[in-house]
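Heads up, the thing below is written out as structure tokens.
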Amino acid sequence: MPRPTVITTVAALREALAALRREGKRIGLVPTMGALHEGHLSLVRRSKDECDCTVVTIYVNPSQFGPNEDLDQYPRPLEADLDALGECGAEMAFIPSGEEVYGPGHATWVEVGSVTKSLEGELRPGHFRGVATIVLKLLNMAQADVAYFGQKDYQQAEVIRRMVADLNVPTEICVCPIVREPDGLAMSSRNAYLSPEARERSLVLYRSLELAGQLVDQGQRDAHEILRQMRQVIGQARDARIDYVALVDPETLEPIERVTGRTLAVLAVKIEDTRLIDNKILEG
Ligand code: AMP
């Protein structure tokens, strides 16, 4: 399959998509930061199934990284990404420069309330402000019919849903399942940072989520007991540092005491200085 057409300016993107829109084509948008893996590509394939034209954006958005985070280190294997997108049949890759996205004098930021307050929002101040701003900008640039996101970043998807509803953005939001490695580790561009030994230890994240599912299936309803056992599993990795392990309401993202209905088990853990996140819906 040929590589996608690479577009680097908003004007060129608008022009290319306006022509398709006039023909009544359905446009799908897949926002990413590149270093593409099967998780990203599952979104591209979903868009390919449902739309006539798939635009994948590759942009490492500085405003969602904290001062001590991995912005400079973040992998940028552009040639491999374009090959992968070609294999999936994505028609367009939108790869803007920093100046194209945040022009001189940029002074507008999107602050989403409620669902940004807990979990990632609490630990990464300003993160969701950066995410909401870039996603709204990309939605406005492309004006796609549908935009695809992964459940891997569950809270991010909820923030985007909230923003799109509150600001009357006409793009439909589609959230797709987590793609995992065969042994259960959720795929992430950051997994590449892990040494082989740390990669092995990082399986405690998946194992603790699976254990939570089993406990609920066996009738355990006490959130504190489930969390205790999850922490115990995570502790089996000698260098695991827990940012949070939580059972929350999947809509409000507020902690629950008892599992009485659908519940989100969600966690962020550092292994060997790499911060990993994962989650699982428990059917209580
Ligand atoms: P990122 O490049 O990390 O910003 O991710 C771009 C999109 O891909 C986001 O909507 C992520 O939630 C999604 N994504 C990342 N990893 C996975 C995965 N393992 N499974 C499904 N979607 C994913």
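The values are calculated or read from the model by the stated rules, or taken from the named source; none is laboratory data. Remember, it's a predicted structure, so these values are computed and weren't measured experimentally. Here the Cβ positions follow ideal geometry from the backbone for every residue, glycine too, while neighbour counts run over all protein chains shown. We work out accessible area using only protein heavy atoms, side chains counted, and drop any ligands, DNA or RNA first. Shrake-Rupley method; radii C 1.70, N 1.55, O 1.52, S 1.80 Å.
Averaging the sequence gap over all C-alpha pairs within less than 8 Å and six or more residues apart, then dividing by the number of residues, gives the chain a relative contact order of 17 percent.
Each other residue within a Cβ distance under 13 Å of residue 180 adds +1 if Lys or Arg and -1 if Asp or Glu, for a net charge of -2. Within a straight-line Cα-Cα reach of under 30 Å, residue 137 can be paired with the following lysines, leaving aside sequence neighbours fewer than 8 residues apart in one chain: 25, 48, 117, 152, 280. With protein chains left intact and a 1.4 Å probe, residues in the range 1-120 average 50 Å² of accessible area per residue.
Placing unit charges on the Cβ atoms only, positive for Lys and Arg and negative for Asp and Glu, gives the chain a dipole magnitude near 220 debye about its Cα centre.
Can you pull the percent of the range 66-188's accessible area that's carbon plus sulfur, 1.4 Å probe, other chains left in place? So the carbon and sulfur contribution to the accessible surface is 50 percent.
The modelled label-to-label distance for the pair residue 22/residue 270, using points 7 Å beyond Cα in the direction of Cβ, is 5.4 nm. Take the Cβ atoms of residue 228 and residue 190, set R0 to 25 Å, and the FRET efficiency comes out at 0.35. Normalised by 2.2 N^0.38 Å, where N counts its residues, the alpha-carbon radius of gyration of the range 165-244 equals 1.41. Considering only 44, 110, 55, the mean-square fluctuation computed in a Gaussian network model of the chain, springs between alpha carbons under 10 angstrom, is largest for 110. In the elastic network of the chain, a GNM with C-alpha springs shorter than 10 Å, the most mobile of 196, 255, 31 is 196. The Rg/Rh ratio of the range 74-230, with Rg taken over Cα atoms and Rh as the Kirkwood radius over Cα pairs, comes to 1.00. Heavy-atom accessible surface of the range 161-234, averaged per residue, reaches 50 Å², computed with a 1.4 Å probe.
Rounded to the nearest 500 deg cm²/dmol, what is the calculated helix-only ellipticity per residue at 222 nm for the chain, with -39500 (n - 2.57) per DSSP H run of length n ≥ 4? Calculated from helices alone, the mean residue ellipticity at 222 nm is -11500 deg cm²/dmol.
Please report, ordered by residue number, every helix of the chain (full DSSP H runs) that is 20 Å or longer along its axis going by C-alpha atoms and whose mean Kyte-Doolittle hydropathy reaches -1.0. Qualifying helices: 127-142, 203-217. A simple spin-label model places pseudo-atoms 7 Å from Cα toward Cβ; at residue 99 and residue 254 they are separated by 4.8 nm. Note on the chain: GNM, Cα springs under 10 Å; of 143, 156, 214, the largest mean-square fluctuation is that of 214. The GluC sites (Glu not before Pro) of the range 105-209 meeting both criteria, a DSSP state outside H, G, I, E and B (loop) and at most 14 other C-beta atoms within 10 angstrom of the site's C-beta, are 111. The residue among 173, 65, 131 whose Cα reaches farthest toward the positive pole of the charge dipole of the chain, with charges on the beta-carbon of Lys, Arg, Asp and Glu, is 173.
When only Cα pairs below 8 angstrom with a gap of at least 6 residues are kept, the range 43-113 shows a relative contact order of 45 percent.
For the range 217-284, the fraction of 1.4 Å probe accessible surface lying on carbon and sulfur atoms is 41 percent.
Stokes-Einstein diffusion of the chain at 10 °C, 1.306 mPa s viscosity, Kirkwood radius from Cα pairs, rounded to a whole number: 80 µm²/s. Using a simple spin-label model with pseudo-atoms 7 Å out from Cα toward Cβ, residue 79 and residue 168 lie 4.9 nm apart.
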